[in-house]
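Encoded as structure tokens, the structure appears first; notes follow it.
The values are calculated or read from the model by the stated rules, or taken from the named source; none is laboratory data. Model, not experiment: these values are computed from the prediction. Ideal geometry is used to build each Cβ from the backbone, glycine not excepted, and the neighbour counts take in all protein chains shown.
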Amino acid sequence: MESRYNPASIEKHWQQTWAEQGLDLTPDDRSKPKFYALSMFPYPSGSLHMGHVRNYTITDVLARVRRMQGYRVLHPMGWDAFGLPAENAAIDRGVHPVKWTYQNIDQMRTELKRLGLSYDWSREVATCSPDYYKWTQWIFLQFFEAGLAYQKESAVNWDPIDQTVLANEQVDSEGKSWRSGAKVERKLLRQWFFKITDYAEQLLNDLETLTGWPERVKLMQANWIGKSTGAYLEFPIVDSDEKIGVFTTRPDTVYGVTYVVLAPEHPLTQVVTTSDRATAVDAFAQEIADQSELERTAEDKPKRGIPTGGKAINPFTGEEIPIWIADYVLYEYGTGAVMGVPAHDVRDFKFAKEQGLAIRAVVAPVGEAEGSHHTPYTPHPTPPAQAFTEPGVLINSSTFDGLPSIEAKTAIVQYAEQNGFGKARIQYRLRDWLISRQRYWGAPIPIIHCPKCGPVAVPDADLPVQLPENVELSGRGGSPLATLESWVNVACPTCGTPAKRETDTMDTFIDSSWYFLRYPDATDANQVFDPAKTNDWMPVDQYVGGIEHAILHLLYSRFFTKVLRDRGLLNFGEPFQRLLTQGMVQGKTYKNPRTGKYVISTQITDLSNPIDPETGDALELVYEKMSKSKYNGVAPGDVIGKYGADTARMFILFKAPPEKDLEWDEADVEGQSRFLNRVWRLVTEFGTQQTSTEKQATAVSGQRSALNKAEKELRRAIHTAIAAITDDLEGDYQFNTAVSELMKLSNALTDAACKDSPVYAEGIQALLLLLAPFAPHIAEELWHGLGHTDSVHTQSWLTADATALIADEKTVVIQINGKTRGAIEVPIAIADDRVALEQQIRESDIAKRHLDGKTIKKVIVVPGKLVNFVVG
């Protein structure tokens with residue numbers, strides 16, 4: 001064994017050896033419990049970033065530990081390889097997306113292997129491979145056959161830069177595209193949707209079963225699904241047979257409806273608009289059409305609207321009320337219409353005050369309605385000064401006066417049902433999933449449009465519908481597939497009539513909604529997966545990924561799993577048993593607070609007093625998420641080249657708990673490098689000094705009485721580390737404290753006064769076994785350096801010896817007048833005996849030194865902890 005730690009040569013050697021030995025291949029031994037460890041697979045952008053390193057190191061530690069604990073472990077990796085970024089990057093560079101994507105995959109695979117991640121590469125998948133997207137298309141057809149995939153014309157979010165449709169979830173709070181940053185436009189297109197709303201109740205209710213998920217992720221999903229219980233009510237339109245349907249969670253306020261509002265794009269807008277209002281209504285609707293959904297519904301923006309001239313009838317009062325259109329009402333949500341109850345809704349109150357609309361109170365706080373005379377119905381009571389939005393007691397509500405709001409809701413819905421103008425309803429905020437994309441680099445939708453048969457599924461035998469490579473990519477206009485007549489024009493598979501292929505491709509979130517089901521049977525050419533294999537390995541035992549996927553990817557994956565279960569392919573309904581959302585990796589960032597611009601550190605003359613070289617302004621030093629635009633990124637390859645993969649892994653695990661953000665600090669990286677070098681010296685010195693194999697023997701717990709004090713102390717340190725690290729790798733993962741325990745054990749071995757004892761040999765071996773999942777290369781090298789011929793990673797995980805944790809002595813603090821003067825070790829038998837403990841402490845050198853010549857007025861004894869002498 002070399003006397004100097006050389007991570008580069010060691011890591012290269014063992015990575016090649018492990019690959020040759022197939023140590024990372026998934027065992028097919030069903031007698032062992034299974035553990036499916038999975039990180040969210042990456043988009044192949046060309047190189048890893050530190051967020052990748054953190055995500056994948058966390059999962060690798062768990063996979064390695066579970067193997068040592070006797071589990072059969074599935075730990076795969078693949079590539080989320082379709083999508084607009086690859087297409088846009090390929091266009092910018094003048095290369096084909098196929099070439100660009102596979103180049104990036106090759107580069108990132110090499111970088112992942114340098115980290116020593118124990119992936120079963122025989123199960124690698126890439127979503128852009130025909131072998132994979134054949135089954136993505138097959139799954140689409142399962143949805144189509146089940147009535148869960150359909151086409152409709154819809155107002156959609158349009159990204160003017162990426163030239164494609166975005167789902168609502170892909171538009172940020174400022175109305176900008178999640179990917180390009182462009183201001184999103186609204187556009188009317190015929191699109192494909194998945195009926196995720198059919199599973200809304202299951203998706204909501206089953207959150208209760210996800211006990212291994214962070215509460216905030218479950219709350220985010222519940223809020224996104226947005227279940228509301230209320231009533232569907234119909235308001236007849238004056239001089240028309242049409243009715244305006246609304247959904248409300250407050251049917252108890254229906255007697256306070258003073259107007260109705262339609263979405264500008266609602267079909268009834270044209271019906272209710274009078275001729276004298278037509279020009280103004282059309283102009284307003286056109287203006288609103290250019291705004292994104294989030295712009296229209298933002299709480300901090302004024303609500304704009306205009307009257308249509310039409311009127312509706314409140315069926316409960318018989319009163320005619322005006323019909324308006326407004327920007328804050330969206331046709332895609334609910335019924336596309338709302339009833340205005342300004343006295344009991346803050347938004348409606350503000351809108352009514354601005355537009356001069358009537359405000360009528362129909363719910364009063366409990367107690368304030370007593371003695372009021374509001375029956376029969378009073379059409380014009382005094383308007384309130386502000387909206388009262390809490391439950392209360394009904395007033396001005398005809399025969400319902402005096403009822404508490406909760407009772408009134410039920411009674412009013414029953415009344416509406418009896419009279420034919422309403423019914424109880426449950427509604428969800430969740431909308432059906434828009435999956436069409438008008439770009440090239442995605443899985444083609446396997447549908448043929450026949451003028452006679454309508455949309456027809458591509459036969460299974462004709463899958464995959466492959467992406468043609470002879471396309472002109474400009475990134476502008478519609479789908480480039482539409483220009484390939486030889487590809488588009490086909491015969492209808494049902495009737496033979498000339499027909500056309502669907503030219504939209506699928507949202508890439510579809511690819512990632514089922515990849516975890518493919519890994520257990522990744523090379524199957526005859527079926528999407530063997531249900532027996534996938535049902536054996538699923539659900540994923542530990543899933544690791546970013547919090548930014550809490551709604552999109554995780555919700556869609558849950559939806560896919562439930563649909564495929566209902567199609568008879570799966571015997572479970574939730575894909576991920578436990579979820580860890582790791583924090584971001586942040587880097588030192590120099591920012592000009594006046595201009596908001598970022599400055600690269602190499603342009604700053606004095607980092608202790610950073611000044612903007614262009615403006616002379618003082619710069620702020622802050623930690624922000626690493627990105628190229630902020631000049632604060634650290635390339636994993638540079639860190640590995642300088643310090644080695646094991647150091648990079650140790651730092652990323654040690655710096656912060658996994659769910660917290662991590663601040664990158666070069667000094668802490670160097671600290672972990674120094675620690676591994678200390679371990680190297682500690683073990684190599686032990687190996688050099690060995691005179692017999694007896695020094696490697698593990699101390700036996702039954703021989704505790706034969707150990708001297710130094711051996712007992714060291715053995716307690718060894719088994720304390722085993723117990724603590726094992727605990728840190730179960731339940732709530734605490735990799736940072738586990739690394740701290742490794743450091744403590746290393747220090748205990750360094751300071752041990754029994755280096756020629758079998759206990760010391762036990763400690764050296766324990767250190768390497770506990771270190772192996774965290775720093776696999778150095779642990780393997782040192783393990784073999786001790787004479788072992790098998791891998792450290794095939795050893796059994798250690799179990800703490802409870803007898804070793806028993807202390808023979810306790811540390812007792814000595815105080816004089818409450819001030820600590822020192823501490824001594826006392827036998828356990830004495831520590832809890834007040835009289836004996838006091839006597840033992842009086843006789844100690846520390847007490848004698850500080851009590852000499854002083855009068856003891858009082859002695860305070862806390863058994864097992866301290867003795868305090870109060871002196872004059």
Residue under evaluation GLY116, criteria (1) within 24 Å of GLY644 (Cα to Cα); (2) assigned to a helix (DSSP H, G or I), criterion not met: (2)
Can you say whether GLU741 is assigned to a helix (DSSP H, G or I), crowded, with 17+ Cβ neighbours inside 10 Å, free of Cβ contacts under 8 Å to residues at least 60 places away in the same chain and charged (D, E, K, R), as far as the supplied structure shows? yes
Residues being within 18 Å of ALA667 (Cβ to Cβ) and either polar (S, T, N, Q) or touching a Pro at 6+ places or on another chain (Cβ under 6 Å) (or both) - total across segment 622-645: 2
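Could you please let me know if TRP121 is surrounded by fewer than 17 Cβ atoms within 10 Å (Cβ to Cβ) and under 24 Å from ALA522 (Cβ atoms)?
Spelling it out, TRP121 is indeed surrounded by fewer than 17 Cβ atoms within 10 Å (Cβ to Cβ) and under 24 Å from ALA522 (Cβ atoms).
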The residue that is nearest to ASN535 (Cα to Cα), considering only those in segment 554-569 that are in contact with a helix residue (DSSP H, G or I) (Cβ under 6 Å, 6 or more places away or on another chain) and among the aliphatic types (A, V, I, L, M), is LEU569
Does any residue of segment 211-230 turn out to be part of a loop (DSSP other than H, G, I, E, B) and more than 18 Å from the chain's Cα centre (by Cα)? yes
Residue identified as in contact with a Phe, Trp or Tyr (Cβ under 7 Å, 6 or more places away or on another chain) and over 14 Å from MET40 (Cα atoms) among VAL540, VAL563: VAL563
Of all residues in segment 236-253, how many are under 12 Å from GLU319 (Cα atoms) and either out of contact with any Lys or Arg (no Cβ under 6 Å at 6 or more places or on another chain) or not in a strand (DSSP E or B) (or both)? 2
Quick check on my filter: what residues within segment 753-790 are part of a loop (DSSP other than H, G, I, E, B), more than 17 Å from VAL61 (Cβ to Cβ) and not polar (S, T, N, Q)? ALA753, CYS754, LYS755, ASP756, LEU786, GLY787, HIS788, ASP790
Check segment 84-91 and report whether any residue there is buried (at least 19 other Cβ atoms within 10 Å of the Cβ), farther than 28 Å from ASP541 by Cα, touching a strand residue (DSSP E or B) at 6+ places or on another chain (Cβ under 9 Å) and modelled with pLDDT of 95 or more. no
Of the residues that sit in segment 660-687 and are more than 21 Å from ASN632 (Cα to Cα) and among the charged types (D, E, K, R), which one is surrounded by the most Cβ atoms within 10 Å (Cβ to Cβ)? ARG678
Counted residues, segment 188-207 - those being farther than 30 Å from GLY573 by Cα and surrounded by 15 or more Cβ atoms within 10 Å (Cβ to Cβ): 1
Unique match (being surrounded by 16 or more Cβ atoms within 10 Å (Cβ to Cβ) and within 18 Å of VAL246 (Cβ to Cβ)) among ILE426, ILE445, ILE435, ILE412: ILE412
Under the condition of being more than 25 Å from VAL254 (Cβ to Cβ) and touching a residue at least 12 places away in the same chain (Cβ under 8 Å), which residue from segment 299-337 is surrounded by the fewest Cβ atoms within 10 Å (Cβ to Cβ)? PRO302
Given ILE860, ILE814, which one is modelled with pLDDT of 90 or more, surrounded by 16 or more Cβ atoms within 10 Å (Cβ to Cβ) and assigned to a strand (DSSP E or B)? ILE814
Using the structure shown, decide if PHE316 is assigned to a loop (DSSP other than H, G, I, E, B), at pLDDT 95 or above, assigned by TED's automatic domain parsing to the domain that holds PRO264 and over 16 Å from LEU233 (Cβ atoms). no
(1) in a strand (DSSP E or B); (2) under 21 Å from LEU552 (Cβ atoms): which one isn't true of TYR199, the others all being true? (1)
Among the listed residues LEU117, LEU148, which satisfies the condition of being touching a His at 6+ places or on another chain (Cβ under 9 Å) and touching a residue at least 12 places away in the same chain (Cβ under 8 Å)? LEU117
Which residue is surrounded by the most Cβ atoms within 10 Å (Cβ to Cβ), if the candidates are limited to segment 523-547 and must be acidic (Asp, Glu) and either part of a loop (DSSP other than H, G, I, E, B) or at pLDDT below 95 (or both)? ASP541
